Structures are given as C-alpha cells and as structure tokens.
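The values are calculated or read from the model by the stated rules, or taken from the named source; none is laboratory data. Keep in mind that this is a model prediction, so the values were computed, not measured. Backbone-built Cβ (ideal geometry, glycine too); neighbour counts: all protein chains shown. Accessible surface areas use protein heavy atoms only, side chains included; no ligands, DNA or RNA. Shrake-Rupley method; radii C 1.70, N 1.55, O 1.52, S 1.80 Å.
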Amino acid sequence: MTEKSIFSRIIDGEIPSEIVYQDELCFAIKDIAPKAPTHLLLIPKKPIPRLIDAEADDQALLGHLMATAGKVAQAAGIGDAFRLIVNNGAGAGQTVFHLHLHILGNMIMGEDSLGF
Ligand code: AMP
C-alpha cells in the first residue's frame with residue numbers, strides 16, 4: 001500500500017491544520033510556509049498524486065477545483081487579484097505528491113522570475 005500523503009493525513013485529522021474551506025470533494029488550508037502574504041492550498045480529498053495522473057473520470061473534480069479556487073480566493077479577500085499555481089512533478093518543484101492548487105494573493109504581481 002502506498003503511504004498516505006500529508007494532505008490525506010490532514011483531512012483525516014491525523015495532523016493539525018487550519019482548514020479554511022471544505023466541501024464533499026475538496027478542502028483548503030493555509031500553507032505552512034507561505035510564499036505570499038496570502039497563500040492557501042486547495043486540495044482534492046481524492047489523493048491524485050500529480051495533475052498528469054488525473055484521469056477522464058476526474059474531469060468534473062478538476063473543474064470543481066477551479067471554480068472553488070475562485071470562491072476560496074474571494075472569501076480570503078483576494079478575489080480581484082490572485083494567482084493559481086500547480087506544480088507537476090519534482091522537476092517543477094512539487095514536494096507533496098497529492099494534487100493541490102496554490103492560491104496566492106496580496107503580493108506584487110509581475111515581479112517573479114518569469115515576469116508574470
Ligand atoms: P508543492 O511544492 O507544490 O508540492 O507544494 C507543497 C506545499 O505544501 C508547500 O508550499 C508547503 O509549504 C506546503 N505544506 C507542506 N506541509 C504542510 C502542512 N502540514 N500544512 C500546510 N502546508 C504544508
């Protein structure tokens with residue numbers, strides 16, 4: 001059996017975390033090492049390791065995550081200016097192999113290394 005991800009352990013109550021949003025399919029927490037003044041993680045309860053591991057059956061879930069990211073950003077007060085990031089694979093900086101959307105806000109945009 002593959003080991004449970006840290007995010008599965010959080011949703012199962014095995015690791016404490018501040019859950020700021022939850023529904024039947026996903027939940028959002030504050031990132032423990034924020035890279036922006038507002039840095040939330042939106043995580044499907046289904047432990048899909050990487051975005052590329054999502055299957056045809058997961059399409060509705062992926063759409064739900066996008067729509068919910070907007071709601072969570074709005075509730076966090078960054079509805080007018082936020083960024084979503086998904087790191088896919090270790091080469092892209094993924095460290096937790098349970099799909100998650102980074103929701104970032106309250107930062108100056110346009111000043112990262114890519115000029116975004
Ligand atoms: P990634 O590098 O894209 O896989 O992002 C994983 C994120 O999870 C990082 O930004 C970490 O700071 C964050 N993280 C790891 N452990 C925890 C935790 N226990 N609670 C909240 N965020 C966490």
Item to complete: Could you tell me whether segment 97-110 includes any residue that is within 20 Å of E3 (Cβ to Cβ), of a type outside the set (D, E, K, R) and open to solvent by 60 Å² or more (accessible area, probe 1.4 Å)?
Response: yes
Response to the item:
In segment 31-48, residues that are within 11 Å of the ligand (Cβ to nearest atom) and under 16 Å from T68 (Cβ atoms) total 3
Worksheet item: Restricting attention to segment 43-52, does a residue exist that is of a type outside the set (D, E, K, R) and either at pLDDT below 95 or touching a strand residue (DSSP E or B) at 6+ places or on another chain (Cβ under 8 Å) (or both)?
Response: yes
Discussion item. Please list, ordered by residue number, the strands (runs of 3 or more DSSP E) wholly in segment 1-65 having 1 or more residues that are surrounded by fewer than 16 Cβ atoms within 10 Å (Cβ to Cβ).
Written reply: 19-22, 26-30
Worksheet item: Any residue in segment 6-20 that is among the acidic types (D, E) and within 13 Å of the chain's Cα centre (by Cα)?
Response: no
